[in-house]
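Below is one structure, written out as structure tokens, with a few remarks after it.
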Amino acid sequence: MKYKITVVLFLCMTGIAFAQKKIWTLEECVTYAVENNLSIQQFELDLENATIDKSDAIGSFLPNLNGTLNVQSNTGLSFDPTNSQPVNTKQITSSGSVTSSVLLFDGLRNVHRLNRAKLNAVANQYRLDDLVNDIRLNVAISYLNILSNKETAKVAKALYAVTEQDLNRTRELVESGVVPKGDLLEIEATAATREQQIINAENDVLISRINLAQLLQITDYENFDVSDAEFEVPPADILKNSPKVIFDKALSYWYETKFFETSVDLAEKDLSFAKGAAYPTLSAFINYNTRYSDQFFDPITGQVIPFKDQLWINDGIAFGAQISIPVFNGFSTRNNIKRSQINVKKAQLDLEQNKLDLETNINQAYVDVINSSQEYDAALKTREARLLALDYSKERFDVGIMNSFDYSQSQARLDNAEAEVIRTKYNYVFRIKVLEFYFGLPIVID
């Protein structure tokens, strides 16, 4: 009875485990990676900071407003702030003021600061979009790696099943005296090798699943898996476009290049800002102030004038303008302008280098698709030839004309051909997806 209960519990737990296991599609993996990647979250915070910088730049155009309030007690000789007369008694005084100032002209540096803040927000958005693209591509690579390893495992199991049949048939041939017992041992060794291949293939599947889970920042490796459904090699319609067409299309949206273009604009704004420091700065201000003293008496009644009355009796307004003209500051302004000019040239060179790299990568990706297509076709032909050769070897082995060593060599060559088909197939698919990626097409695996 106890044994039955244990079995039931085990089956229930197994059922729960299978129920919790989720099979992920490529689209789900990409979406999850984008939503949960820590680097993306950090870049999003940088984008928020850029938005705050823009708010700071807008605020620099607005007048500021500051208030002060002072209360103090004096004993001994002091000056009454209400009439500036000396008094030699304990007194309590207070004063307050409100001041507003506005910057009228600073060599257009505030304008350049605002434009730079806007460009910086755009640059951070491009940088974020470029990171998202990289993550999508990395997820697709890891996803394809899992599918490749799963297909390898399936092929290894299928080959082992064939070897089992050969093993059973060889036993019969040995028992009937058609082939020597050494041939049986050779087939048994081949079967053991195929078992090891299955173990290695399943380990590769597990490791590739863990790698993708880590890329998605998922820690529940046991319940993480992707669909193992086979798919056909997609048509390489992208090759209908020339590398020049693909490059021109990439230039119109490629986020990394857009980031470098914006970097040039940012460097130019920094240069304009540095030049603005050579111009005079003009600002204006207005100040309202008032004061109170407990020693400010009414000359008629001799009583202390009330607080609220003193506020308007002792108030005053001051306003004016100030201009600051830079004359000499130890060459700092001139050197800042020179540094900014150098940064503009560096940003332009970085942009040109990025375009050259992009064009080179696209041309290489285009050639890779053509070469991988030819490799895949050659691998298919080789596998077909190896299959025919193995069938021929099996016929000769069954009648005792071929020994087990030569037969095993024929099987090994088929194994290599099968592995090469899988490698070239997924390499071809990956190359197609990379070229489509440059063209702006979404990464989809059907």
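The values are calculated or read from the model by the stated rules, or taken from the named source; none is laboratory data. None of the values given here were measured: they were computed from a predicted structure. All Cβ positions, even for glycine, are placed from backbone atoms using ideal geometry, and neighbour counts span all protein chains on display.
The table below gives the values:
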{"quantity": "Any hit, region 361-377, residues being of a type outside the set (A, V, I, L, M), touching a residue at least 60 places away in the same chain (Cβ under 8 Å), surrounded by 13 or more Cβ atoms within 10 Å (Cβ to Cβ) and touching a Pro at 6+ places or on another chain (Cβ under 6 Å)", "calculated": "yes"}
{"quantity": "Pick from region 222-242, criterion closer than 17 Å to N145 by Cβ and modelled with pLDDT of 85 or more, ranking: surrounded by the most Cβ atoms within 10 Å (Cβ to Cβ)", "calculated": "V226"}
{"quantity": "Hey, L380 part of a helix (DSSP H, G or I), modelled with pLDDT of 95 or more and not acidic (D, E) or not", "calculated": "no"}
{"quantity": "Of all residues making up region 180-218, the number that are hydroxyl-bearing (S, T, Y) and farther than 15 Å from S404 by Cα", "calculated": "1"}
{"quantity": "Flag if P235 is in the same structural domain as S208 (by TED's automatic domain parsing), of a type outside the set (S, T, N, Q), under 21 Å from I443 (Cα atoms) and without any contact (Cβ under 8 Å) to a residue 12 or more places away in the chain", "calculated": "yes"}
{"quantity": "In region 279-306, residue nearest to the chain's Cα centre (by Cα) [restricted to those that are among the small types (G, A, S) and farther than 30 Å from L104 by Cβ]", "calculated": "S293"}
{"quantity": "Lone qualifier among Y392, Y428 - being hydroxyl-bearing (S, T, Y) and touching a residue at least 24 places away in the same chain (Cβ under 8 Å)", "calculated": "Y428"}
{"quantity": "Residues (surrounded by 15 or more Cβ atoms within 10 Å (Cβ to Cβ) and either of a type in the set (A, V, I, L, M) or under 30 Å from K433 (Cα atoms) (or both)) located in region 390-410", "calculated": "L390, M402"}
{"quantity": "Breaking point among (1) in contact with a Lys or Arg (Cβ under 6 Å, 6 or more places away or on another chain); (2) in contact (Cβ under 8 Å) with a residue 40 or more places away in the chain; (3) over 30 Å from L38 (Cβ atoms); (4) of a type outside the set (K, R), for T152", "calculated": "(1)"}
{"quantity": "Residue in region 295-305 that is buried (at least 18 other Cβ atoms within 10 Å of the Cβ) and either in contact with a strand residue (DSSP E or B) (Cβ under 6 Å, 6 or more places away or on another chain) or in the same structural domain as E352 (by TED's automatic domain parsing) (or both) present", "calculated": "yes"}
{"quantity": "Counted residues, region 273-316 - those being of a type in the set (K, R) and assigned to a helix (DSSP H, G or I)", "calculated": "2"}
{"quantity": "Cβ-Cβ under 6 Å pairs, at least 6 apart or on other chains, region 314-338 side over 30 Å from V98 (Cα atoms), far side surrounded by 10 or more Cβ atoms within 10 Å (Cβ to Cβ)", "calculated": "T333/A277; T333/A278; N336/A274; I337/A274; I337/K275"}
